[in-house]
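As structure tokens, the structure follows; a few thoughts come after it.
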Amino acid sequence: MILVIAEHSNGSLKKSALELLSAAKSLSEKLGGEVVAALLGQDLSGAASELAKYVNKVIAVEDAALADVRAEPYTTVLTNLAKELEAKAVLVSASKSGLSYSARVAMRLDAPLLEDVTSLDVEGGQVIASRFSYLARVTETVKALALPIVISVKPNIFPVAEASASGTVDKKAADLAASDDRVKVGEKAAAKTGRVALDEADIIVTGGRGVGSAEGFTKLVEPLADALSAGIGATRAVVDAGWRPYSEQVGQTGKTVAPGVYIALGVSGAVQHLSGMNRSKIIVAINKDADAPIFKVADYGIVGDVNEVVPALKEAVSSL
Ligand SMILES: Cc1cc2nc3c(=O)[nH]c(=O)nc-3n(C[C@H](O)[C@H](O)[C@H](O)COP(=O)(O)OP(=O)(O)OC[C@H]3O[C@@H](n4cnc5c(N)ncnc54)[C@H](O)[C@@H]3O)c2cc1C
């Protein structure tokens with residue numbers, strides 16, 4: 001049996017949960033056993049019934065101590081679940097949250113840990129995975145010699161599972177001890193951008209050095225992104241210049257994204273950038289240099305100055 005930990009936020013499943021389910025499904029076909037998805041948190045009914053459209057069995061563990069993702073209570077609940085269900089593999093997202101508990105769960109289960117994997121296979125009953133190392137300059141193949149195994153899966157690599165199930169939802173108590181609850185989350189000051197998170201966005205507008213300045217982002221990138229309800233991305237050149245935060249960097253040393261539409265404004269298309277966005281379904285590039293490498297991967301391209309093309313594009317989108 002393969003146990004998947006489904007991440008959710010404000011009552012909705014995260015895209016990574018559906019990616020884990022497709023990774024788990026292909027693993028279960030080779031390793032044997034059914035896929036079971038676990039949801040941890042509070043007030044899970046909405047997310048649980050959504051999840052049941054993708055997998056035959058959902059386990060919802062509700063407890064006030066699980067309302068925020070904290071390594072200690074999550075580790076205890078997941079370890080207990082994995083033991084009780086005799087999981088062969090536990091799949092978590094290699095998100096900041098997932099990485100906060102995956103190694104602890106592996107320790108408690110005395111299980112091998114494969115981290116941040118980009119592919120999964122099984123040979124002779126052993127799980128083999130790929131992952132990037134050395135700032136993604138090297139792709140390693142790693143093999144786990146024992147089961148059970150804990151695997152954290154890199155977001156935006158595996159395809160999103162399709163809704164084809166009408167599964168059951170079982171509720172379970174968290175069964176936590178006081179020693180599982182030693183770190184409290186205090187005040188939360190969330191950045192109020194109102195924009196969709198980069199790794200969840202179905203449309204991304206990314207600005208490169210060709211946007212010119214931090215003000216260029218405010219003048220060109222943000223209005224177009226808002227008109228399209230899109231997330232905002234940036235190249236490393238832009239982040240290094242201090243125009244945008246690192247959380248928006250797309251590429252080898254930033255985030256890997258795979259939206260339906262990726263719009264690159266003034267981005268040259270260096271390999272390190274392409275490796276983070278080349279799984280996007282449709283790529284649109286606007287660059288004044290007709291020979292810019294980004295046009296080699298673009299489905300649609302406009303050769304022109306972003307200062308002229310982007311405002312016109314934004315007007316066209318707003319008038320739809
Ligand atoms: C180990 C390593 C890791 C890296 N990781 C990353 C990473 O994660 N992500 C990343 O993005 N990069 C990464 N890089 C850097 C990468 O090699 C490039 O330097 C970077 O992506 C370039 O950013 P850019 O396209 O914004 O800038 P540039 O390469 O300077 O390109 C700017 C583009 O804008 C165009 N332009 C200029 N003015 C206009 C205008 N007015 N209108 C239209 N077009 C215009 C130009 O023709 C040009 O094509 C990494 C590099 C290394 C060595």
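Restricting attention to the stretch 264-307, the residues that are among the β-branched types (Val, Ile, Thr), surrounded by fewer than 16 Cβ atoms within 10 Å (Cβ to Cβ) and away from the ligand (no atom under 12 Å from the Cβ) add up to 1. The requirement of being assigned by TED's automatic domain parsing to the domain that holds Phe217, in contact with a Gly (Cβ under 7 Å, 6 or more places away or on another chain) and either more than 9 Å from the ligand (Cβ to nearest atom) or charged (D, E, K, R) (or both) is not satisfied by Ile232.
Under 18 Å from the mean Cα position of the chain (by Cα) and at pLDDT below 90: does that describe Ala178? Against the criterion (under 18 Å from the mean Cα position of the chain (by Cα) and at pLDDT below 90), Ala178 does not qualify. Being of a type outside the set (Asp, Glu) and more than 30 Å from Ser179 (Cβ to Cβ) holds for only one residue in Leu31, Leu20, Leu3, Leu44, and it is Leu31. Across the stretch 195-229, which residue is modelled with the highest pLDDT among those that are of a type in the set (A, V, I, L, M) and surrounded by fewer than 17 Cβ atoms within 10 Å (Cβ to Cβ)? So, considering only residues that are of a type in the set (A, V, I, L, M) and surrounded by fewer than 17 Cβ atoms within 10 Å (Cβ to Cβ), the one modelled with the highest pLDDT is Ala214. Which one of Ser49, Ser93, Ser100, Ser12 is modelled with pLDDT of 95 or more, of a type in the set (Gly, Ala, Ser) and surrounded by fewer than 16 Cβ atoms within 10 Å (Cβ to Cβ)? Of the residues listed, the single one that is modelled with pLDDT of 95 or more, of a type in the set (Gly, Ala, Ser) and surrounded by fewer than 16 Cβ atoms within 10 Å (Cβ to Cβ) is Ser49. Here Val160 clears all of (1) of a type in the set (Val, Ile, Thr); (2) closer than 23 Å to Gln252 by Cα; (3) in contact with a strand residue (DSSP E or B) (Cβ under 8 Å, 6 or more places away or on another chain) except the condition numbered (3). Residue check: Leu31 meets all listed conditions (1) hydrophobic (A, V, I, L, M, F, W, C); (2) under 30 Å from Ala190 (Cβ atoms); (3) touching a residue at least 40 places away in the same chain (Cβ under 8 Å) but one, namely (2). Consider Val183 carefully, then state whether it is more than 14 Å from Leu18 (Cα to Cα), under 14 Å from the mean Cα position of the chain (by Cα) and assigned to a loop (DSSP other than H, G, I, E, B). Criteria not met by Val183.
Here Val261 meets the list (1) crowded, with 19+ Cβ neighbours inside 10 Å; (2) closer than 19 Å to Ala316 by Cβ; (3) of a type outside the set (Lys, Arg) almost entirely, failing just condition (1).
For the stretch 119-174, the strands (runs of 3 or more DSSP E) that sit wholly inside it and include 2 or more residues that are without any contact (Cβ under 8 Å) to a residue 12 or more places away in the chain and not assigned by TED's automatic domain parsing to the domain that holds Asp202 are 138-144.
The values are calculated or read from the model by the stated rules, or taken from the named source; none is laboratory data. Not measured: the values here are computed from a predicted model. In this analysis, Cβ positions are derived from the backbone assuming ideal geometry, glycine residues included, and neighbour counts consider all displayed protein chains.
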